[in-house]
Amino acid sequence: MRLAIIALAISAAITSTAAAQGDGPVIIPDRIQQLATEFPVAERLHINWANASLEDIGRYIGLLSAVNEVANSIAAKNERKTASDDDYRAAFSVFCFWPVNKPPLAEPYWNQAAAAFGSEKVRAALGSSVGPLAVALPAMIKDGNASDEVLKKWPQTRADI
């Protein structure tokens with residue numbers, strides 16, 4: 001019983017600390033974690049869950065935090081209070097995870113973006129970097145033509161940027 005009370009107290013302290021401070025961990029919604037299983041996120045990060053290190057787990061959670069921040073920014077710029085599945089998919093596209101196997105297959109900025117889990121500065125930079133194409137993408141996803149649009153118009157190599 002005492003262990004349960006201690007665990008509850010620690011959990012409450014962590015939750016209130018995360019909400020109260022600018023820097024600190026963020027909560028990743030269950031839905032984005034479910035959607036991440038549709039995309040080869042772990043594979044693209046070269047993570048084998050059977051022998052994943054703490055660093056691997058940190059990169060994965062950090063990148064999901066970054067995708068979540070971009071999705072929230074896309075939703076806000078589309079005047080929605082919360083991110084929808086289409087906003088999350090748009091954010092996965094921004095990070096080159098959707099459509100599946102969209103080139104480039106790895107991005108050097110993924111490691112910097114992974115700091116979004118614990119850094120308000122990184123989260124703010126990600127949120128403010130969302131441009132009009134990313135904001136328009138959820139409507140294209142809803143219409144079903146986003147995959148073609150992304151593959152035709154979005155950069156496929158660093159030289160295309």
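How would you rank 71-80, 131-140, highest first, on the average number of other Cβ atoms within 10 Å across their residues? Mind dumping the intermediate values first?
Numbers: 71-80: 19.4, 131-140: 16.8.
The densest-packed peptide leads the list: 71-80, 131-140.
Annotation: amide H-H contacts under 5 Å for Trp98 (H modelled 1.01 Å from N, sequence separation of 5 or more, or interchain): Ser93. Phi angles of the stretch 76-87 translate, via the Karplus equation with coefficients 6.51, -1.76, 1.60 and θ = phi - 60°, into HN-Hα couplings of 4, 6, 9, 6, 10, 6, 10, 6, 9, 4, 5, 5 Hz per residue; Gly and Pro are given as x. Sorting 57-69, 86-98, 37-49 by average packing, meaning the other beta carbons within 10 Å per residue, from highest down gives 86-98, 57-69, 37-49.
Every number here is computed from the coordinates shown, using simple stated rules; none is lab data. None of these values were measured; they are calculated from a predicted model. All Cβ positions, even for glycine, are placed from backbone atoms using ideal geometry, and neighbour counts span all protein chains on display.
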